[in-house]
Amino acid sequence: MDANREFSGHFDLGGFDGVAHAGVAIVTCMDSRIDPLNMLGLQPGDAKIFRNPGGRVTTQALEALVLGVHLLGVKRVLIIPHTRCAMTSNTEQELREKVGASAGQDASWQHFHVVEDQLASLEKDVQKVRSHPLIPDSVLVGGFVYDVDTGLLDQKF
Ligand SMILES: [Zn+2]
């Protein structure tokens, strides 16, 4: 709460309209090593950002992208998973065991949607957005891998 009062003391983002001013939407991982705005040279207000474990194009991500494209000024979509992601380096079973051990109870019913092949999943995710009936061909869609050790993006699709 102290940090928030401090933030509010020099808050200058009031009156924003919620449109993506740079026309950008980003789907990326929840990983704390990723700073989505700064890695693309963007400012608050420039982009719609959807994050989940692995940076996957889920049903909810598509909902966000459709809204972004039609109502919020999105013209480019960047799908950005990253190197050394826990969702690619564990199996579903391993994550269930780790969570189960932490929770002290059975976690075998919990789905985590691990990624077995990051590039194949990324290609499918890019395709899902490009082929969505409500996302027009005029929207540019790219698939990238972010290197958490160098800060560099590598465009794959
Ligand atoms: Zn990750």
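The values are calculated or read from the model by the stated rules, or taken from the named source; none is laboratory data. In this text the structure is predicted, and so the values were computed from the model without any measurement. So basically every Cβ, Gly included, is an ideal-geometry build from the backbone, and we count neighbours across all protein chains shown. Accessible surface areas use protein heavy atoms only, side chains included; no ligands, DNA or RNA. Shrake-Rupley method; radii C 1.70, N 1.55, O 1.52, S 1.80 Å.
Taking the DSSP beta bridges with both ends in the stretch 1-104, the antiparallel portion is around 0 percent. Here the label points at Leu40 and Gln93, each 7 Å from Cα along the C-beta direction, are separated by 3.8 nm in the simple model.
Proximity of backbone amide H atoms, modeled 1.01 Å from N, is registered between Ile34 and no other residue at under 5 Å, excluding neighbours fewer than 5 places apart on the same chain. Here the peptides 69-79, 141-151 are ranked by packing, the mean other Cβ count within 10 Å, and the order with the highest first is 69-79, 141-151.
Along the stretch 142-155 the Karplus relation, 6.51 cos²θ - 1.76 cosθ + 1.60 evaluated at θ = phi - 60°, assigns HN-Hα couplings of x, x, 10, 10, 8, 8, 6, 9, 10, x, 8, 9, 10, 6 Hz to successive residues, with x for each Gly and Pro. A 1.4 Å probe run over the stretch 39-98, with the rest of the protein chains in place, finds 50 Å² accessible per residue. For the stretch 96-145 versus the stretch 26-47, the spacing of their alpha-carbon centroids is 18 Å.
Amide H to amide H distances under 5 Å link Lys48 with Val24, Ala25, Ile26, where only residues 5 or more positions off or on other chains count and H is placed in the peptide plane.
Once the mean of 1/r is taken over each pair of separate Cα atoms and inverted, the chain shows a Kirkwood hydrodynamic radius of 17.0 Å.
Listed values for the stretch 31-48 are Karplus-derived 3J(HN,Hα) couplings in whole Hz (6.51 cos²θ - 1.76 cosθ + 1.60, θ = phi - 60°), namely 3, 6, 7, 9, 10, x, 5, 5, 5, 10, x, 9, 10, x, x, 7, 9, 8, and x replaces Gly and Pro.
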